[in-house]
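Written out below as structure tokens is the structure these notes cover.
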Amino acid sequence: GMELGRKVAELVIDRASTDGSDAQWTGSAPVEPGKWFSVRPFEPMAGTWQTWVLTTADQFRPGPPPAPDSEQMAKELAEIKTFERTPLTNLTAAYWEYYGGRASYELYSTEIGLKLFEYGLEVNPPRAARAYALTQVALYDLVVATWDAKYTYWAIRPFQLDPTVTTVFPTPNHPSYPAAHASIAGAMETVLGALFPRDTEHFTHLAEDESWSRLWAGIHFRSDIEAGRTLGRNVGQAVLDWAKSDGAD
């Protein structure tokens, strides 16, 4: 078992050595008004990394975000500024952000373990491994797809568009559109809802909380969240379609 595990790990490591994740960014952030800006953008090359299931990183790239001077953007900005925060919305937003968004990955991994037990699969290593693998592949591919879109559009963040916007916590250092947490939520509700169908409503509820927590925090516009959720669902479904050929059924 140890020998087999090491051989599989070596294959994954070999693949990772050529997936493009070591590429260095030599570009610069746009300087025109209405664009997101930073001197040290977070992982601007992640959208170029090799995917596992998606044919290309832009396979499900959403259309462009609303123009920063558009009527729609004015409405979305007003929604953020007039949102009445409560201790519950602040707590929910902070939970999904803790340790730089680590909650997303930890929570869904914990959820898989719980559901494997509840569905009587804790003694079925192949099924357990498949559940973890499909989830992680979806998470990885959606991050590549999300970062492809983020650094295609360089969409401005709320606090940059209007400096009077206050946030529950500091805004992450990457473009606004689409929202990464909403992308994760969309993918996880799709994949985990299919793997554990009795709990589809539960995963949808988690996805709702994770997605809208970003607006409650003041760091994302509605259009960021809606585009991210759709992107995540598309990636999640692509992973499920790919899994239909693995023989598990």
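The values are calculated or read from the model by the stated rules, or taken from the named source; none is laboratory data. Predicted model, so just to flag it, every value in this text is computed and none were measured. Note that we place each Cβ from the backbone using ideal geometry, even for glycine, and neighbour counts take in every protein chain shown. SASA here: full protein model, heavy atoms, side chains in, ligands and nucleic acids out. Shrake-Rupley method; radii C 1.70, N 1.55, O 1.52, S 1.80 Å.
Here are some notes:
- Protein accessible area in the range 139-220, 1.4 Å probe - carbon and sulfur %: 59 percent
- When a 1.4 Å probe is rolled over the protein heavy atoms, the share of accessible surface on the range 1-93 that falls to carbon and sulfur comes to 59 percent.
- Rounded if a/c under 1.5, otherwise prolate or oblate - the range 140-222, Cα gyration tensor axes: oblate
- Inter-site label distance for E201 and K81 at 7 Å from Cα along Cβ, in nm: 4.0 nm
- In order along the range 210-223, the Karplus-derived 3J(HN,Hα) couplings, from 6.51 cos²θ - 1.76 cosθ + 1.60 at θ = phi - 60°, round to 5, 5, 6, 4, 6, 6, 4, 7, x, 9, 9, 7, 4, 5 Hz, and Gly and Pro are given as x.
- Here is the P(r) of the range 39-126: all C-alpha pair distances, binned every 10 Å from 0, give 12, 18, 35, 26, 8, 1 in whole percents.
- Taking the range 197-232 and a reference point 7 angstrom along Cα→Cβ of D249, the backbone N atoms nearer than 19 Å belong to 197-200.
- Rg and Dmax, both from the Cα atoms of the range 1-85 and both in Å, are 20.2, 61.
- Mean residue ellipticity at 222 nm, helices only, the chain: -20000 deg cm²/dmol; runs of at least 4 DSSP H residues each add -39,500 (n - 2.57), and the sum is divided by the number of residues.
- Couplings 3J(HN,Hα) of the range 7-13, computed from phi: 5, 5, 4, 4, 5, 5, 5 Hz, in residue order, whole Hz [Karplus 6.51 cos²θ - 1.76 cosθ + 1.60, θ = phi - 60°; x for Gly and Pro].
- Cβ charges +1 (Lys, Arg) and -1 (Asp, Glu), total dipole of the range 94-249, debye: 240 debye
- Residue pairs exceeding 29 angstrom between C-alpha atoms, taken from K7/K244; K75/K150; K115/K244; K35/K244: K35/K244.
- The HN-Hα couplings worked out from phi for the range 103-117 by the Karplus form 6.51 cos²θ - 1.76 cosθ + 1.60 (θ = phi - 60°) are 3, 4, 6, 5, 5, 5, 5, 5, 4, 4, x, 5, 5, 4, 5 Hz, whole numbers, x standing for Gly and Pro.
- Surface analysis of the range 48-104 yields an accessible area of 62 Å² per residue, using protein heavy atoms and a 1.4 Å probe.
- Directionally averaged projected area (the chain, Cα convex hull): 14.7 nm².
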